[in-house]
């Protein structure tokens, strides 16, 4: 009765051969690479025996037993554990890019340990796990609290997780900058170092990884139901919320325990499942199995690379966290090419908006913000603490104070304006409310080049920095465009590509941090936006530049209104879609780069300002652009003022302050309307 | 026939908007009922409440005489199966694997699948005519085949009731008719209670035993197709003036003036 044609009956699908082959190549390669330096001194059998015994008369054998063997074991153990945790996380959220890293769990664990180190060192001596687990639970608890009403919609969960990662990262940095002398060793620990000098840590760790792993396997069948989406899974009798919660708690336990022992080993939990999936692991069972194996192999390889780099370099330590991030970035890029249907992620149905956007008069709102800006300017110029208390500088004396207070305030304000504009542009173009220079990795790209310059030891002026940042921003945008062309710049692909770029930047940053020294603190200051470095001519140059761009943007209002209607509608209305997108992305890149040089890559302003404009009732493009620009300017000029006075006579980076305030605002907004 | 679902005094509010108001309704066992109504009339909401996907603001629903509050998740899933309006992408699952998930309510997280389960899975695949596609990935099937794969999963669930939310809205005429014919046949063979949300009044009248119509959240019509397929009645449901012809016994054609 069914006349459906075409396909032939096919045999039961099996696992493609490439999967076991790739896994064994990975393992063999990693093992050989790891063992090679030792084979000069020990024969293979003796090296193998190093795992359980040693020959006290032979130095190499003792070294192998107490240093090499535990390091290999712990790398494999952690890799396997994180691979499994990653695969489970992806299944829980039905999202090929979820992982303990992207959910904020690892950042939470690190945050917990940092706080404990500072305020309750006794707790660490008692059990380092507790602090880390507490931090991880805090992070995931925040994510859950924020997304509870949305039934854990996968996209929102991952985005909330990312914001929390950034936010906790910024908190960590704030502690580092304020109390750097106490936390110096956290630099290295935070970057994930697997160096071992006995079997103690491994013996400690293995039951803590094995138990959650077994419990995860018990949850396998309910987890499989989640693949059918919330409605179907619950109509099959699975308690979707409970299953997700249990599995998430297990993931948190596993990954934060690892964090508390060896620091953040980022992206193994993301890369391993992605690789397994790309190589053809299809069913949940096979995905879990092969992710676990891939995770072990990957981390062993990454750790060996880190070890080699440390040995061959100038002796400075290269933490494993750096090399895992270097491996993780390309894997995400690969994944982007592989997953064609990420926009069909389960649970991402379009539902009617839960709140009706209000509209308010733009003159009123604009007027209020301009007034606030003026007030901020006056206060910032006049009212400041001195060594002998607060005093007021009269307008007639402003020219004397200008050199100290003026350029940095102007630059901060302009950076805010630029980020507000860039954020609005990007959100409109991608039709993605989470799109922003920070989230798309454009700031990250700019920062990456700056990090490289610092690493290479080159002295370039401010102009050189601006050039480099623009180059970096344009390069990362170019890469994004190449990646996203296939998907015609669809929203989620862009976001995920940005994530990959962020990973690269992170890797560079970790490397610098681990090397320590003055370079590290200089870079930290810049990364978190030290406006005090800005000179008068630079500020004025920025002013002229932003004015020109604003003029250009007037021409772009109508295309921006059309683009969110979708490619088909926009092009059938006569808009050259691809070219318009390209041009607008370029403008966004230039704006971002100019702001990044001043305020660093992590300020959140590009994300918040457009939102703020919407919340304030500006729904059309033109109005949103204007109000977002003003709001961005206001945010950063206030942040600049506060950064000057909060820890007077010390200075906080304004960008860091903006990131902290912005992060809080953003999380609040997310929980408020849910749809972010 | 006894009541399968009993809905009394049901109301749903989202914010200030009342989606459903004071619905009293019984769905009898072994009957195929179509829910009709214009967009936003609350028919999908009513179905979601029957499927326990949503909880009502007021009123109560009971299944087989037991209130919803007193039924466990898997127990409920063994009684009532629900097919959402847009089943999600299945991410590489084959037809057989998808259908096998329908046995979850019976076996739970750890129970082994026995021969009976495998027989039921095969039976469901055969009943929906998907034998040839058994090992194909669900994502690569056409719309009609995919819909049948999901229905097969509901069959393997061995429930006494199917709730289908616009199962034919994305299909062409041929697949629409085939899907409804399949549902009708299965309902007869297995004495299933079926509640289905439909937009096409003619197909509903053709394949269902009973038509229930909602309008802005209130019950406006309830009866045999013969009683509903009437120009004045349809006009009151849809708010446009309509006419009806009975071409042959049990086959109506409605049209808009």
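The values are calculated or read from the model by the stated rules, or taken from the named source; none is laboratory data. It should be emphasised that the depicted structure is a prediction, and the values quoted were computed from it without experimental measurement. Neighbour counts run over all protein chains shown; Cβ positions are idealised from the backbone, glycine included.
Each residue in the range B:67-101 was checked for being at the interface with chain A (Cβ under 7 Å from one of its Cβ atoms), closer than 15 Å to residue A:226 by Cβ and under 23 Å from the mean Cα position of the chain (by Cα), and 9 pass. Being surrounded by fewer than 24 Cβ atoms within 10 Å (Cβ to Cβ), within 14 Å of chain B (Cβ to nearest Cβ) and touching a residue at least 24 places away in the same chain (Cβ under 8 Å) is a description that does not apply to residue A:301.
Among the residues making up the range B:149-179, those that are within 13 Å of the chain's Cα centre (by Cα) and over 16 Å from residue B:85 (Cβ atoms) are B:155, B:159, B:160, B:161.
May I ask you to say which residue of B:244, B:240 is assigned to a loop (DSSP other than H, G, I, E, B) and in contact with a strand residue (DSSP E or B) (Cβ under 8 Å, 6 or more places away or on another chain)? So the residue among B:244, B:240 that is assigned to a loop (DSSP other than H, G, I, E, B) and in contact with a strand residue (DSSP E or B) (Cβ under 8 Å, 6 or more places away or on another chain) is B:240. For the range A:233-247, a tally of residues being touching a helix residue (DSSP H, G or I) at 6+ places or on another chain (Cβ under 8 Å), modelled with pLDDT under 85 and part of a helix (DSSP H, G or I) returns 6.
Quick grid of which residues meet (1) in contact with a strand residue (DSSP E or B) (Cβ under 8 Å, 6 or more places away or on another chain); (2) surrounded by fewer than 24 Cβ atoms within 10 Å (Cβ to Cβ); (3) away from chain B (no Cβ under 12 Å):
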residue	(1), (2), (3)
A:204	no, yes, yes
A:208	no, yes, yes
A:212	no, yes, yes
A:220	no, yes, no
A:224	no, yes, no
A:235	yes, no, no
A:243	no, yes, no
A:253	no, yes, yes
A:258	no, no, yes
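If the condition is being at the interface with chain A (Cβ under 10 Å from one of its Cβ atoms) and assigned to a loop (DSSP other than H, G, I, E, B), then the range B:140-169 contributes B:141, B:142, B:157, B:159.
With the condition kept exactly as written, say whether any residue in the range A:325-348 is at pLDDT 70 or above and either in a loop (DSSP other than H, G, I, E, B) or in contact with a strand residue (DSSP E or B) (Cβ under 8 Å, 6 or more places away or on another chain) (or both). Within the range A:325-348, none of the residues are at pLDDT 70 or above and either in a loop (DSSP other than H, G, I, E, B) or in contact with a strand residue (DSSP E or B) (Cβ under 8 Å, 6 or more places away or on another chain) (or both).
Just to be sure before I move on: is residue A:392 more than 14 Å from chain B (Cβ to nearest Cβ), at pLDDT 70 or above and either closer than 30 Å to residue A:498 by Cα or exposed (fewer than 12 other Cβ atoms within 10 Å of the Cβ) (or both) in the structure I sent? Considered against the rule, which asks whether it is more than 14 Å from chain B (Cβ to nearest Cβ), at pLDDT 70 or above and either closer than 30 Å to residue A:498 by Cα or exposed (fewer than 12 other Cβ atoms within 10 Å of the Cβ) (or both), residue A:392 comes out as yes. Of the listed requirements (1) free of Cβ contacts under 8 Å to residues at least 24 places away in the same chain; (2) surrounded by 15 or more Cβ atoms within 10 Å (Cβ to Cβ), residue B:100 misses just one: (1).
Scanning the range B:109-139 for residues that are facing chain A (nearest Cβ under 8 Å) and farther than 25 Å from residue B:175 by Cβ, we see that the one that is nearest to the chain's Cα centre (by Cα) is B:109. Of everything listed in (1) farther than 30 Å from residue B:130 by Cβ; (2) surrounded by fewer than 18 Cβ atoms within 10 Å (Cβ to Cβ), the single unmet condition for residue B:233 is (2).
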